[in-house]
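Engineer: I have a structure I would like to understand better, so I am pasting it below and will then ask my questions one at a time.
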Amino acid sequence: MTLIKSISGIRGTIGGKTQSNLTPLDTVLFASAYASWLKSNVIADHYTVVVGRDARISGKMVQSLVNETLVGMGIDVIDLGLSTTPTVEMSVVELKAQGGVIITASHNPKQWNALKLLNDKGEFLNANSGMKILEIAESKDFNYASVDELGKITPVSNAIESHIEQVLALPIVQLENIKKTKFKVVVDAVNSTGGIALPMLLKELNVEVVELYCTPDGNFPHNPEPLKEHLGELCNQVLSHKADFGIVVDPDVDRLAFVDEKGEMFGEEYTLVACADYVLSKKSGNTVSNLSSTRALADITSKHGGTYHASAVGEVNVVEKMKEVNAVIGGEGNGGIIYPELHYGRDALVGIAIFLSLLSQNELKVSELRSSYPAYFMSKAKVNLDPKGDVDGLLIRMKENYTKQNPITIDGVKIEFENSWVHMRKSNTEPIIRVYTEAPSQVEADDLAKRFLEEIETNS
């Protein structure tokens, strides 16, 4: 059982002992710390926080604890109930709230849950803010409201509908072309809130939907991370229903992956590549992804005359870089699409609308679209280290071994070769170094990873 307190929020397994799991006491503690931070750092006459959750079995319990803690801190709560991460993010701005809390452990299995924290822009808190909340939680120095100053809870039931309306209103979405094409898709929503949002969006686009695991009861039928090894049934259903493609999202609907008409994975890394290809065909500009994402995005950006930029790993870092370089689209290689004309957050719904626009415009099958992009293959590995070891010193030595390659050091060490790269970074939560590689073939990517795993062992 696990409890992880980090600058990006608190997550852990349900049940067990306090301070070792996400228990009710730990939930109240961290919600109190967030409320205290909010009232100290956001200027407002009165405070309102939007709260929503994915469909995890523990979600209702955890959200009730968060809601009532905020009420006890004198903060009003707008309760979205079952929702998606991007819906909560957009609702913070739309409803003029001072913050937001999303109850979700994203792609983690059902025994996990978490509190993801937002600022008044509906964006994830930066590292400094996250650290301050951890310090407040550690101090347990809270000032709860008196009986006459308690907050109140207001349910809102149409937030997902509002989110979809805003997606469909984007000029870049080719509504009529999509509707005329009459796509047929299979949707795997892993029995979470994507089962509410995706069919609703697709039916507005005249897409025939075959629902697979779209009952939002939190009983995940397979590991909820949208990776190839978990999606055999989706691939089979696409074939048996003769669908144009399949769609899968994670439980909180901020990651997006596709299966082509042949029942083959489109590639989670290529979700962003395809969406960027379409956006850049309509509007020239820059793109951003994190250092561990595919080189194909840089290739596509260059083809359209734009400039690609890399950020440190983490959505907040991608968003910061996107704002800095005025990127027209960005995201992460895990299937996270950030389209700033809608909002600065990973959003599977806008990703689906952009992908459908691309397909309807080019009149391509999904497999044909995928084969039109540069082919790269990734290998992902990790090295377990001595918790007392000098991980930073090890990464410095690895950088010094490759000075001729001008290593990138904004997040660990990334070394780029002519046709491949390796990215080594330490975990924020475990005594490990993650080693990601990419090359023109799987064998080359695996060999490159093996080589650097051996070099790390030699230098440690």
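Read-outs: derived from the displayed coordinates by stated rules, not from any lab. Only a predicted model underlies this, so the values are computations on that prediction, with no experimental measurement involved. Cβ sites come from the backbone with ideal geometry, for glycine too, and all protein chains shown count toward neighbours.
Engineer: Using only the alpha-carbon atoms of region 377-459 as identical scatterers, what base-10 log of I(q)/I(0) does the Debye formula give at q = 0.11, 0.16, 0.23 Å⁻¹?
Structural biologist: -0.26, -0.55, -1.13
Engineer: Kirkwood hydrodynamic radius (Cα pairs, Å) of region 163-371? Don't skip to the answer; put the middle values down first.
Structural biologist: Working: mean 1/r = 0.0597 Å⁻¹.
For region 163-371, the Kirkwood estimate is 16.8 Å.
Engineer: Under a cut-off of 22 Å between alpha-carbon atoms, report the lysines in cross-link reach of LYS365, not counting same-chain residues fewer than 8 places apart.
Structural biologist: The qualifying lysines are LYS179, LYS180, LYS182, LYS184, LYS203, LYS228, LYS242, LYS262, LYS282, LYS303.
Engineer: I've got another one for you. For the pair ALA169/SER157, report the inter-label distance in nm, with labels modelled 7 Å from Cα in the Cβ direction.
Structural biologist: In this crude spin-label approximation the distance works out to 2.2 nm.
Engineer: Moving to a separate point now. Once you have all Cα-Cα distances for region 3-157, histogram them in 10 Å bins from zero and send the whole-percent values.
Structural biologist: 12, 46, 36, 5, 0
Engineer: Okay, next question. So how many Lys-Lys pairs in region 3-157 land under 22 Å Cα to Cα, not counting same-chain pairs under 8 apart?
Structural biologist: 29
Engineer: If you project the alpha carbons of the chain onto the principal axes, what extent comes out on each, in Å, largest first?
Structural biologist: Extents along the principal axes: 64, 59, 39 Å.
Engineer: I'd like the distance between the alpha-carbon centres of region 5-64 and region 122-186, rounded to an integer number of Å.
Structural biologist: With region 5-64 and region 122-186 each reduced to a Cα centre, they are spaced 15 Å.
Engineer: If you don't mind, there's one more thing I want to ask. Tally the DSSP beta bridges in the chain and give the antiparallel ones as a percent, rounded to 5. Each step should come with its number before you reach the end.
Structural biologist: Working: 40 of 72 bridges.
Of all bridge pairs located within the chain, approximately 55 percent are antiparallel.
Engineer: Determine the principal axes of the Cα atoms in region 120-174, then give the extent along each, sorted from largest to smallest and rounded to whole angstroms.
Structural biologist: 52, 33, 12
Engineer: A further question follows. Would you work out the relative contact order for region 276-412, in percent, from Cα pairs under 8 angstrom that are 6 or more residues apart? List each step's numbers first, then the result.
Structural biologist: Details: 169 pairs, mean separation 28.8, N = 137.
Contact order relative to length: 21 percent.
Engineer: Counting every Cα pair in region 10-100, what percent are over 20 Å apart?
Structural biologist: Working: 1432 of 4095 pairs.
Percent of Cα pairs beyond 20 Å in region 10-100: 35.
Engineer: How many angstrom lie between the C-alpha centres of region 343-381 and region 256-311?
Structural biologist: First find each Cα centre; the distance between them is then 7 Å.
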